[in-house]
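Contents: one structure, followed by commentary.
The values are calculated or read from the model by the stated rules, or taken from the named source; none is laboratory data. As the structure is a computational prediction, the values presented were derived from the model and not from experiment. Here Cβ is always computed from backbone atoms with ideal geometry, including for glycine, and neighbour counts include all displayed protein chains.
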Amino acid sequence: MVVLYHERQESALCGLHALNNLCQGPYYAAGDLASIAHDLDSRERQLGLDKTHASENGDASGNFSIQVLDEALRRAHAVSLEDTRKGTGAGAASAPPCGYILHRSDHWYALRKVGGVWYELNSADDAPRTLVDVDAAIAQLVADGWSVFAARGELPPPMRRDSSIAPADNWFDTDRAGTRGGGGGSFSAAPLRA
């Protein structure tokens with residue numbers, strides 16, 4: 001049995017949820033990402049890149065930029081996010097992505113392969129969804145206007161269920177989950193109870 005970690009939407013913290021869902025555990029808190037946003041803002045000011053004095057890396061509602069999400073993954077897991085619209089660097093194409101972060105209209109979510117199966121981990125959904133064909137799903141997302149960022153490196157293994165670090169209903173038993181094809185269908189996976 002594979003157990004998935006899946007945070008659901010809280011405020012405008014979908015970037016935070018996307019990272020934790022991608023990493024399969026509650027690795028990050030809003031304060032962690034706010035601190036990274038502040039660091040990036042400071043660096044931009046030092047380089048003379050910040051002309052507005054308003055942060056483009058994070059806002060009071062908890063919406064964070066791709067630069068913040070990328071830096072968080074680099075610092076904690078040596079994983080980088082590559083904009084798939086810009087192609088791959090030398091050598092990067094040889095290693096398949098370990099996951100994806102997707103963005104459109106101020107919403108972020110993740111795709112991750114766990115136990116040989118790809119899952120859609122969208123905090124706007126009640127439960128994770130199984131993807132039958134990740135390539136078809138990504139092609140459809142791109143056609144629908146989503147920005148797709150490939151995660152390159154090695155993600156941590158999924159955390160074991162532990163209700164002392166996150167609510168018990170953030171863990172889902174995939175044996176009771178349904179599937180989703182390249183672009184349609186849905187299901188409700190069953191949360192594990194303590």
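Quick notes on this structure:
- When restricted to residues that are touching a Phe, Trp or Tyr at 6+ places or on another chain (Cβ under 7 Å) and not polar (S, T, N, Q), the stretch 2-32 contains 10.
- Summed over the stretch 90-147, the residues that are out of contact with any His (no Cβ under 8 Å at 6 or more places or on another chain) and in a strand (DSSP E or B) give a count of 19.
- Complete set of residues in the stretch 93-125 that are surrounded by 13 or more Cβ atoms within 10 Å (Cβ to Cβ), among the aliphatic types (A, V, I, L, M) and within 22 Å of S65 (Cβ to Cβ): I101, L102, A110, L111, L121
- The residue list R75, R85, R43 contains one member that is surrounded by fewer than 15 Cβ atoms within 10 Å (Cβ to Cβ), modelled with pLDDT of 90 or more and part of a helix (DSSP H, G or I), which is R75.
- For D175, the requirement of being charged (D, E, K, R) and modelled with pLDDT of 90 or more is not met.
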